[in-house]
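Participant: First the structure, which I've put down as structure tokens, then a few questions once you've had a look.
The values are calculated or read from the model by the stated rules, or taken from the named source; none is laboratory data. Worth saying up front: this structure is predicted, and the values here are computed from it rather than measured. Virtual Cβ from ideal backbone geometry, glycine too; neighbours counted across all protein chains shown.
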Amino acid sequence: MRRHLTVLCACAIAVAIALVARAPHADARPFQKEGAVEIGLQLGGLFFLDEEAVPFDSASPAFPEAMADTFAYTLTGTYNFTRVLGLELGLQLSPAEVNRLSIFTVHLDGVIHPLTHDWFVPFAGLGLSFSTLIPQDDDLGSDADVGGNVVLGVKLYPWESAGFRVDLRYLLRVATADGAPDGRSEVTGHDLIASFGLFASFGGEGDKAPVLLDTDGDGLLDTADACPQVPGVASAKGCPDRDGDTITDRDDACPDEAGPVEHTGCPDRDGDTIVDKDDRCPDEPGAQAQQGCPDTDGDTIADKDDRCPRIPGEQAYQGCPPPPPEDIVKKFTGTIEGIRFAVGSDIIRDSSFPVLDQAVKVMVEYPQLRLLVEGHTSSEGAREANMELSRRRAEAVKRYLVDKGIAADRLDTRGFGPDVPVATNGTEAGRKKNRRIEFKLLRQ
């Protein structure tokens, strides 16, 4: 019989382990509930560690046989004061099929749940027991013993309000009688009860209807609202989002301008990774070193601060190269001696080329320079013809410089005709001075 009961208990434990492997993990909340009542029914084996602990009554003969291991049915009722602490009443019955006597035991235990996992809850209990052993033979006396018990086990919750229970209980039955007619004395009993069964849980905190609140009235329940005290929008998890960029105002560096998450909610119109509020040139891509502004010539001076944005220069000259020496400025400012034209024509005489080539050299050496070429004539002839001639002569000088490699956009021309004389037109010497080309440096 002992062997069969051992096999039964082993099977129960194997089933329990399989249930653990299959138990769901979905809710991750404790199913052990404060205020809940649990009702369980278990089947197990009763093992007598001392087979000589037979029923005894001093007025009747002692039970003549040793105690054999048998079955036990247990009905339990548990009240959970908290998720951790409870009180359990157990009613245990071993019928007379094996030992020709029934054993009825009442257990009253304090129970502790040291770990309240969502589906796996171990427990331990300690308390008092009262056992009554009732023989089938009327001429044999029954025996009532008090004692104590210790129980260890685990509850498995495949479902929220029902599950399986596996436990092992040690029972101490204290000897209370001696002096039997046949000369024997009662022996203190030491028993083990291994049980497996089902239980159901009723009531408790888990069955209370949840109170659903929307404190800020934004249509999102407080449990799903990241800002339950402030009205917000669903796209920002219930928090305010004035610019609608899905970043809450409290986390948005630019709460009134929509921007991407990678820029903490600030816009970057030119896409240079510098947000507009920190970008001096928000519509032109630029480097961090220039605070988001372009630097076309690479001289570390932003174009908007650079007088020569296409020519590398120095900070001291506002982004331009150093100006030419004063003597060169004087030489190429005002009337340029040595530039001559054929009479009444815009054809430059060959004797003028050395002077113009010197001008080319200066323009190449100082690329920041821009030059205004002015043409002037004497008062001889019609004014309209002189205006046209002075304009064509200035254009002829520009054309020569361009042909030598000077960019056309660095050169401007104007014809003044006879309107700006530098000498009298009443003498040939004066008229010769008035027929001239002047240079004006527009940028240094």
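Yes or no, residue by residue, for (1) in a loop (DSSP other than H, G, I, E, B); (2) of a type in the set (A, V, I, L, M, F, W, C); (3) touching a Phe, Trp or Tyr at 6+ places or on another chain (Cβ under 9 Å); (4) not assigned by TED's automatic domain parsing to the domain that holds Gln358:
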residue: Asp243; (1), (2), (3), (4): yes, no, no, yes
residue: Ala253; (1), (2), (3), (4): yes, yes, no, yes
residue: Ala258; (1), (2), (3), (4): yes, yes, no, yes
residue: Glu262; (1), (2), (3), (4): no, no, no, yes
residue: Thr296; (1), (2), (3), (4): yes, no, no, yes
residue: Cys308; (1), (2), (3), (4): yes, yes, yes, yes
residue: Lys330; (1), (2), (3), (4): no, no, no, no
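Participant: Right, here's the next one. Is there a residue in the range 203-226 that is within 30 Å of Arg83 (Cα to Cα) and crowded, with 19+ Cβ neighbours inside 10 Å?
Facilitator: Yes, the range 203-226 has at least one match.
Participant: So which residues in the range 350-395 are part of a loop (DSSP other than H, G, I, E, B) and among the polar types (S, T, N, Q)?
Facilitator: Those that are part of a loop (DSSP other than H, G, I, E, B) and among the polar types (S, T, N, Q): Gln368, Thr377, Ser378, Ser379.
Participant: Scan (1) out of contact with any Lys or Arg (no Cβ under 7 Å at 6 or more places or on another chain); (2) farther than 18 Å from Lys433 by Cβ; (3) of a type outside the set (Phe, Trp, Tyr); (4) loosely packed, with under 15 Cβ neighbours inside 10 Å for the single condition Arg392 breaks and write down its number.
Facilitator: Failing condition for Arg392: (4).
Participant: Pull out all pairs, ordered by first then second residue, where Cβ-Cβ is under 9 Å, the residues are six or more apart or on different chains, the first lies in the range 62-75 and is assigned by TED's automatic domain parsing to the domain that holds Thr176 and under 20 Å from Ile39 (Cα atoms), and the second is of a type in the set (Asp, Glu) and at pLDDT 90 or above.
Facilitator: Partner pairs satisfying both residue conditions: Thr74/Asp167.
Participant: Moving on to the next point. Please enumerate the residues belonging to the range 394-440 that are under 60 Å from the mean Cα position of the chain (by Cα) and of a type in the set (D, E, K, R).
Facilitator: Hits for the range 394-440 are Asp409, Arg410.
Participant: Also: Before we move on, is Arg393 in contact (Cβ under 8 Å) with a residue 40 or more places away in the chain and more than 18 Å from Gly334 (Cβ to Cβ)?
Facilitator: no
Participant: Given the conditions (1) at pLDDT below 95; (2) under 16 Å from Asn434 (Cβ atoms), which single one is not true for Gly375?
Facilitator: Of everything listed in (1) at pLDDT below 95; (2) under 16 Å from Asn434 (Cβ atoms), Gly375 misses just condition (1).
Residue by residue, here is whether (1) farther than 20 Å from Gly148 by Cβ; (2) modelled with pLDDT under 80 holds:
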site	(1), (2)
Phe48	no, no
Phe56	no, yes
Pro122	yes, no
Leu128	no, no
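Participant: Out of curiosity, is Lys304 in the same structural domain as Gly375 (by TED's automatic domain parsing) and either surrounded by fewer than 18 Cβ atoms within 10 Å (Cβ to Cβ) or under 45 Å from the mean Cα position of the chain (by Cα) (or both)?
Facilitator: no
Participant: Here's something else I'd like to know. Can you tell me which residue is surrounded by the most Cβ atoms within 10 Å (Cβ to Cβ) among those in the range 94-114 that are modelled with pLDDT of 85 or more and assigned to a loop (DSSP other than H, G, I, E, B)?
Facilitator: Of everything passing the filter in the range 94-114, His113 is surrounded by the most Cβ atoms within 10 Å (Cβ to Cβ).
Participant: Identify the single condition in (1) closer than 30 Å to Ala287 by Cβ; (2) not in a loop (DSSP other than H, G, I, E, B) that Asp268 does not satisfy, given that it satisfies every other one.
Facilitator: Condition (2) is where Asp268 drops out.
Participant: If you take the residues of the range 87-140 that are among the polar types (S, T, N, Q) and free of Cβ contacts under 8 Å to residues at least 60 places away in the same chain, which of them is farthest from Lys33 (Cα to Cα)?
Facilitator: This residue is Gln136.
Participant: Mind checking whether some residue in the range 351-365 is assigned by TED's automatic domain parsing to the domain that holds Arg431, among the charged types (D, E, K, R) and either in contact with a helix residue (DSSP H, G or I) (Cβ under 6 Å, 6 or more places away or on another chain) or crowded, with 18+ Cβ neighbours inside 10 Å (or both)?
Facilitator: no
Participant: Given the conditions (1) within 21 Å of Gly334 (Cα to Cα); (2) hydrophobic (A, V, I, L, M, F, W, C); (3) without any contact (Cβ under 8 Å) to a residue 60 or more places away in the chain, and given that Val422 satisfies all but one, which numbered condition is not satisfied?
Facilitator: (3)
Participant: State whether one or more residues within the range 171-182 are of a type in the set (A, V, I, L, M), surrounded by fewer than 15 Cβ atoms within 10 Å (Cβ to Cβ), modelled with pLDDT of 80 or more and not in a loop (DSSP other than H, G, I, E, B).
Facilitator: no
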